[in-house]
1. Condition first: over 17 Å from G183 (Cα atoms) and assigned to a helix (DSSP H, G or I). Can you find one or more residues in segment 50-67 that meet it?
2. Would you pick out the residues in segment 1-25 that are modelled with pLDDT of 95 or more and either of a type in the set (S, T, N, Q) or under 16 Å from K175 (Cβ atoms) (or both)?
3. Would you call I100 out of contact with any His (no Cβ under 9 Å at 6 or more places or on another chain), modelled with pLDDT of 95 or more and either among the polar types (S, T, N, Q) or in a helix (DSSP H, G or I) (or both)?
4. Considering only residues that are in contact (Cβ under 8 Å) with a residue 40 or more places away in the chain and either within 14 Å of E179 (Cβ to Cβ) or surrounded by fewer than 19 Cβ atoms within 10 Å (Cβ to Cβ) (or both), which ones fall in segment 91-103?
5. Among the numbered criteria (1) in contact (Cβ under 8 Å) with a residue 40 or more places away in the chain; (2) of a type in the set (K, R); (3) closer than 20 Å to E21 by Cα, which single criterion is violated by K139?
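The values are calculated or read from the model by the stated rules, or taken from the named source; none is laboratory data. For clarity, every value in this text was computed on a predicted model and none was experimentally measured. FYI the Cβ positions are ideal-geometry reconstructions off the backbone, even for glycines, and counts take in every protein chain you see.
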Amino acid sequence: MPDIAQAKILIMATDGFEQSELMVPLKKLKDAGAMVHVAAPQSRLSSGEIRGWDEKDWGQSVPVDKDIETVDPADYDALVLPGGQINPDKLRVEKKAVEILRTFYSSGKVVAAICHAPWLLVEAGLIKGKSCTSYHSIKTDVINAGGQWRDETVMVDQGLITSRNPGDLDAFVSKIVEEVREGSHANRRQAAE
């Protein structure tokens, strides 16, 4: 059971992440003492940052710490996937991003996805049979992939954390901290692909 102050957390995103859904977990997890890295696809490393979407227009940029091609999931205790419409749609076509997600999940590590980020869980074949939530516009996608969708602030199924929108961020981050402290979820059922 690692304390959050000793935890290493990876946030995986690209341009178009919902600004608050990356910035709030980044700040709160760092404030709690965790080491947090932001990883993005190679194409974003030339600028050294990724740009957020802030409700109705482009928002702030965030520095990128790692290229997803160099990420080793063994170095981290948890993976956080911010939403927004653009970000998860771009990431789910990145083979390495999906591979990283599957590796985190299969190693029993905490995986947290908010808003549209469950699209990545669908793409990775990890949502089937899982109690989960998401932004309401992708509810049908989640259900069609076999997820047991509920309209709840935060849902947790054996270390898989999902939330609906920026209004759920406090509960979302609290569950990340709680699940990291709980430790490995290596006994969770592997989703059928």
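1. So in segment 50-67, the residues over 17 Å from G183 (Cα atoms) come out as 50-67.
Applying the additional criterion that residues be assigned to a helix (DSSP H, G or I) yields none.
No: zero hits.
2. A7, I9, I11, T14, Q19, S20, E21, V24, P25
3. Details: out of contact with any His (no Cβ under 9 Å at 6 or more places or on another chain): yes; modelled with pLDDT of 95 or more: yes; either among the polar types (S, T, N, Q) or in a helix (DSSP H, G or I) (or both): yes.
Criteria met by I100.
4. Our first condition is that a residue be in contact (Cβ under 8 Å) with a residue 40 or more places away in the chain; within segment 91-103, this holds for 91, 94, 96-97, 100-101.
If the condition is that a residue be in contact (Cβ under 8 Å) with a residue 40 or more places away in the chain and either within 14 Å of E179 (Cβ to Cβ) or surrounded by fewer than 19 Cβ atoms within 10 Å (Cβ to Cβ) (or both), then K96 is the only one that fits.
5. (1)
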